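A.B. asks: What follows is a single structure, and I will ask about it in a moment.
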Amino acid sequence: MCGIVGYVGKRQAAKILLDGLRKLEYRGYDSAGIAVRNGAENAQVVKTSGRLKALIEKTENGKNIRGTCGIGHTRWATHGVPSVANAHPHVSGNCAGTGNGPVESSVVGVHNGIIENYAELKAKLMSKGYSFYSETDTEVLVKLVDYYYNKYRIGPIDAINRTMVRARGSYALALMFTDYPNQIYAARKDSPLIIGKGEEESFLASDVPAILNHTRNVYYIQNHQSARIEEDRITFFDLNGDEVFLPETVIEWDAKAAEKDGFAHYMLKEIHEQSTAVRNTFNSLVRESAIHLEDFGLDQSILNGISHIDIVACGSAWHVGVTSQYVIESLTDIPVRVELASEFRYRNMPITSGTLVIVISQSGETADTLAALRKAKQAGIPVLAVVNVVGSSIAREADYVLYTLAGPEISVATTKAYSAQLIAMDLFAIQLSYSKGFITREKYSYYIEEASSLPEKIERILLDKERLQWFSSRISGQANMFFIGRGLDYSVCLEGSLKMKEISYIHSEAYAAGELKHGTISLIEDGTVVVGIMTESSVMDKTFSNMIECKARGAYLISLTSADHPVPDEGEIDFQITVPATDELFLPSLAVIPLQLLSYYTSVNRGLDVDKPRNLAKSVTVE
């Protein structure tokens, strides 16, 4: 949640900050603000409520703010309603509520995260004479830094470290001090923050896309570390204030990957990039017709020792886990349990010898998933991470890592990262099965060949998108939709339903088709849209029968099948979707594509902001 940017160098900072915030608006868009310093002058703070566009207009795209050092923020509200007073940056003084001009304040800061004991800290600061203009926990954090800085006459790093000791919760924090005009200070615990180094200039941001146009050389600051950022030098410190060394990472992504590149929305662009994401991820794991997990530490001895798997994730990544449960259990005799990370982290977890925990996350910073990983490791259970971001917290802390090569994903609703996760987990399942002797060499080669064909088949589905675009206008006025299926098809229903509800705001639910008569069918009425996923031949007739029961009660039926298993009675279906044939274990990778397109075009037809659905942010880095 929330996006942070920072710049110090020789160029004018405001335009760079605003451009960076554009790339991070998917992380929050309730309000935005920047603070810029021009040498020893007081910081100029400008804040607006609403979308970033308002801040860009207010600052004339940065032209009316001069200075070469600054920080910026785009907000997803946690403490306090979206407003100018609650927008970041916050200051240690008492009069920045309007956010429109120079501010006399010793500390100015922006923050991503949640300070759990902010009320206690606020009461203490009020007793020391501080007053507050906002409802945010961030203002408390900034003023706590100011308190230690001025009371003890210590340097910025020591003041920040004292604050980190007192503050409970999560934070990525960027600060400017009046006494240090050409420096930015940063600190981190659990919330993502990267620092980039260019030629005589330095950057910081919540995510890589914000700085890709300026540098590919970045540092991943770690928990309970702080940094002093200058145009020609970046210095890192531990909680004791001692200087520490961090390795530099070179980002491989192309800067154009974070642009729309002619598409109307990031989501549509990323839907079209799925074949590339799947192909790149496949090629990273397969060479010479064999899957090479040993490159990632998962050699045959490790795989043979697995007797139980827990897959832990949130949102769409959890849906990948549900699909993978079916695939792994179809190919092996290993029991698989799929857990929501937010539940896994808080319940008593039975420890079974031979268990492997697999965590799945696009950002590698998902708060609940990261907490689940740490709980598993504390219990002595090895963890495999499937992540998209090199150097992320989950990638660093897991025992084994499979990277998905989806590139930067900007739209809040995931598409290409989801597909890349699916292929990574499919290949893991195939190799696990072969290693443990559940499939023959011939079957192993067959599965790899089928998986290799998925990118081309995804591209074929995208050729038919105009038909889905036309049909979406028929359902854009719906109030309710239901997705039904069995087995692997049910896992596709979960993702299809989520896509529809999160970007079109149509109430949509996914149900195992066999559960309809246990209550859900009472919601079916004239015109209710029911989407039946029927790619599994063994249960296709049963799901079709459930759809006919819905039609008898007035439902409008949409079917999704594969080319080699057509609908049993086409006359009963109002709209048919067909995907290319492949092995049924891999059909979820194809079936999800038309559902993504249907959701996308429905949202467009309803006049909604596809890439920034209300109340949502891309990376959930706080509870």
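The values are calculated or read from the model by the stated rules, or taken from the named source; none is laboratory data. All values reported here derive from a predicted model rather than from experimental measurement. Note that each Cβ is placed from the backbone with ideal geometry, even for glycine, and that neighbours are counted across all protein chains shown. When the accessible area is computed, the model is the full protein with side chains, heavy atoms only, and any ligands, DNA or RNA have been set aside. Shrake-Rupley method; radii C 1.70, N 1.55, O 1.52, S 1.80 Å.
A.B. asks: Tell me, what HN-Hα J-couplings in whole Hz come from the Karplus equation 6.51 cos²θ - 1.76 cosθ + 1.60 at θ = phi - 60° for each residue of the range 569-585, using x for Gly and Pro?
C.D. replies: 9, 4, x, 8, 9, 7, 8, 10, 10, 10, 10, x, 6, 7, 4, 4, 5
A.B. asks: Here is a further query. On a 0 to 90 degree scale, rounded to 10, what angle separates helix 315-331 from the longest Cα axis of the chain?
C.D. replies: 40
A.B. asks: Same structure, new question: Which angle from 0 to 90°, rounded to the nearest 10, does the C-alpha axis of helix 441-452 make with the longest principal axis of the chain?
C.D. replies: 60
A.B. asks: Further question on the same structure: Calculate, for E252 and H292, the FRET efficiency according to 1/(1 + (r/R0)^6) with r their C-beta to C-beta distance and R0 25 Å; round to the nearest 0.05. List each step's numbers first, then the result.
C.D. replies: Details: r = 19 Å, r/R0 = 0.78.
Given R0 = 25 Å and the Cβ-Cβ separation, E is 0.80.
A.B. asks: At a threshold of 8 angstrom on Cα-Cα distance, excluding pairs fewer than six apart, so keeping six or more, what relative contact order does the range 481-550 reach in percent?
C.D. replies: Details: 100 pairs, mean separation 29.6, N = 70.
RCO, the range 481-550: 42 percent.
A.B. asks: Taking a threshold of 20 Å on the Cα-Cα distance, which of the pairs K23/K143; K143/K189; K23/K416 fall above it?
C.D. replies: Details: K23/K143 29 Å; K143/K189 18 Å; K23/K416 18 Å.
Pairs exceeding 20 Å: K23/K143.
A.B. asks: Please figure out what share of the DSSP beta bridges in the chain is antiparallel and state it in percent, rounded to the nearest 5.
C.D. replies: Values: 65 of 106 bridges.
Bridges in the chain that DSSP calls antiparallel: roughly 60 percent.
A.B. asks: Trypsin sites (Lys or Arg not before Pro) within the range 143-172: which are DSSP loop residues with at most 16 other Cβ atoms inside 10 Å? The partial results should precede the final answer.
C.D. replies: On the way: sites: K143, K151, R153, R162, R166, R168; in loops: R153, R168.
Loop-located and lightly packed - R153, R168.
A.B. asks: Amide H to amide H under 5 Å from I311: which residues, 5+ apart in sequence or cross-chain, H placed 1.01 Å off N in plane?
C.D. replies: Placed amide hydrogens put R337, V338, E339, I358 under 5 Å from I311.
A.B. asks: Going down the table (K197/K260; K53/K122; K377/K501), which pairs top 28 Å between alpha carbons?
C.D. replies: Working: K197/K260 25 Å; K53/K122 32 Å; K377/K501 35 Å.
Going by Cα-Cα distance, K53/K122; K377/K501 fall outside the 28 Å limit.
A.B. asks: Can you tell me the FRET efficiency between E57 and N304 if r is taken as the Cβ-Cβ distance and R0 is 51 Å, rounded to the nearest 0.05?
C.D. replies: Details: r = 61 Å, r/R0 = 1.20.
So, using R0 = 51 Å, E works out to roughly 0.25.
A.B. asks: Can you bin the range 486-623 into rounded, prolate or oblate? Criterion: square roots of the alpha carbon gyration tensor eigenvalues sorted a ≥ b ≥ c, rounded for a/c under 1.5, prolate for a/b above b/c, oblate for the rest. Present the calculation step by step, with values, prior to reporting the outcome.
C.D. replies: Working: a/c = 1.72, a/b = 1.38, b/c = 1.25.
Taking the square roots of the gyration eigenvalues as a ≥ b ≥ c, the range 486-623 is prolate.
A.B. asks: Sticking with this structure for a sec: Return the equivalent ellipsoid semi-axes of the chain as a descending list in whole Å, where each equals the square root of 5 times an eigenvalue of the C-alpha gyration tensor.
C.D. replies: On the way: eigenvalues 406, 152, 93 Å².
So the three semi-axes of the chain are 45, 28, 22 Å.
A.B. asks: Now for a different question. Please work out whether the range 69-220 counts as rounded, prolate or oblate from its C-alpha gyration tensor, where a ≥ b ≥ c are the square roots of the eigenvalues and a/c under 1.5 means rounded, while otherwise a/b larger than b/c means prolate and anything else oblate?
C.D. replies: On the way: a/c = 1.55, a/b = 1.44, b/c = 1.08.
Since a/c reaches 1.5 and a/b is larger than b/c, the shape of the range 69-220 is classed as prolate.
A.B. asks: Then there's this: For the ranges 493-501, 336-344, 433-441, what's the packing order if you count other beta-carbon atoms within 10 Å of each residue, average per peptide, and put the highest first? Could you put the intermediate results ahead of the total?
C.D. replies: Details: 493-501: 25.0, 336-344: 19.1, 433-441: 16.2.
Result, highest mean Cβ count within 10 Å first: 493-501, 336-344, 433-441.
A.B. asks: Right, another one. Taking Cα pairs under 8 Å and at least six residues apart, what relative contact order does the chain come out at, in percent? Display every interim value, and only then the final one.
C.D. replies: Working: 1440 pairs, mean separation 72.9, N = 623.
Relative contact order for the chain comes out at 12 percent.
A.B. asks: Between helix 488-504 and the chain, what is the angle of the helix's C-alpha long axis to the longest principal axis, kept within 0 to 90° and rounded to the nearest 10?
C.D. replies: That helix lies at roughly 40 degrees to the long axis.
A.B. asks: Rounded to the nearest 500 deg cm²/dmol, what is the calculated helix-only ellipticity per residue at 222 nm for the chain, with -39500 (n - 2.57) per DSSP H run of length n ≥ 4? Write out the running numbers ahead of the final one.
C.D. replies: On the way: 19 runs with 217 residues, N = 623.
Estimated from H runs of four or more residues: -10500 deg cm²/dmol.
A.B. asks: Counting other Cβ atoms within 10 Å of each Cβ, which chymotrypsin sites (Phe, Trp or Tyr not before Pro) in the range 103-200 have at most 13 and sit in a DSSP loop?
C.D. replies: Numbers: sites: Y118, Y130, F132, Y133, Y147, Y148, Y149, Y152, Y171, F177, Y185; in loops: Y130, F132, Y133, Y152.
Answer in residue order: Y152.
A.B. asks: State the extension gain, in nm to one decimal, for the chain segment bounded by H565 and S453, taking 0.36 nm per residue of separation less the distance between their alpha-carbons. Write down the numbers at each step before the final one.
C.D. replies: On the way: separation 112, 0.36 × 112 = 40.32 nm, distance 1.85 nm.
Using 0.36 nm per residue and subtracting the Cα-Cα distance, I get 38.5 nm.
A.B. asks: Calculate how large, on average over all directions, the projected area of the Cα convex hull of the range 367-438 is; give the answer in nm² to one decimal.
C.D. replies: 5.7
A.B. asks: Expressed in nm to one decimal, what extension gain is obtained for the pair E329 and D242 from 0.36 nm per residue of sequence separation less their Cα-Cα distance? Don't skip to the end; give the middle numbers.
C.D. replies: Values: separation 87, 0.36 × 87 = 31.32 nm, distance 4.97 nm.
Stretched out fully, the E329 to D242 stretch lengthens by 26.3 nm.
A.B. asks: How many angstrom lie between the C-alpha centres of the range 162-222 and the range 284-313?
C.D. replies: Taking the Cα centre of each part, the range 162-222 and the range 284-313 sit 35 Å apart.
A.B. asks: Assuming a ≥ b ≥ c are the square roots of the Cα gyration tensor eigenvalues, decide whether the range 1-123 counts as rounded (a/c under 1.5), prolate (otherwise, with a/b larger than b/c) or oblate.
C.D. replies: On the way: a/c = 1.70, a/b = 1.25, b/c = 1.37.
Verdict is oblate for the range 1-123.
A.B. asks: How large is the accessible surface per residue of the chain, computed with a 1.4 Å probe and reported in Å² as a whole number?
C.D. replies: Values: 22180 Å² over 623 residues.
Accessible area per residue: 36 Å².
A.B. asks: Could you tell me the convex hull volume per residue, in Å³, taken over the Cα atoms of the range 470-558?
C.D. replies: Working: hull volume 7.7 nm³, N = 89.
Given the Cα convex hull of the range 470-558, per-residue volume reads 87 Å³.
A.B. asks: Amide H of V401: which non-local residues (sequence gap of 5 or more, or other chain) have their own amide H closer than 5 Å, using H built in the peptide plane?
C.D. replies: So V401 has HN proximity to A385.
A.B. asks: What's the extension gain from F132 to R337 if we count 0.36 nm per residue and subtract their Cα-Cα distance? Intermediate values should be presented prior to the final figure.
C.D. replies: On the way: separation 205, 0.36 × 205 = 73.80 nm, distance 4.76 nm.
My answer for the length gained is 69.0 nm.
A.B. asks: To the nearest 20 debye, what charge dipole does the range 32-95 have about its Cα centre, counting +1 at the Cβ of each Lys and Arg and -1 at the Cβ of each Asp and Glu? Provide the component values of the computation, followed by the final result.
C.D. replies: Working: 8 positive and 3 negative charges, 26 e Å.
Its charge dipole is roughly 120 debye.
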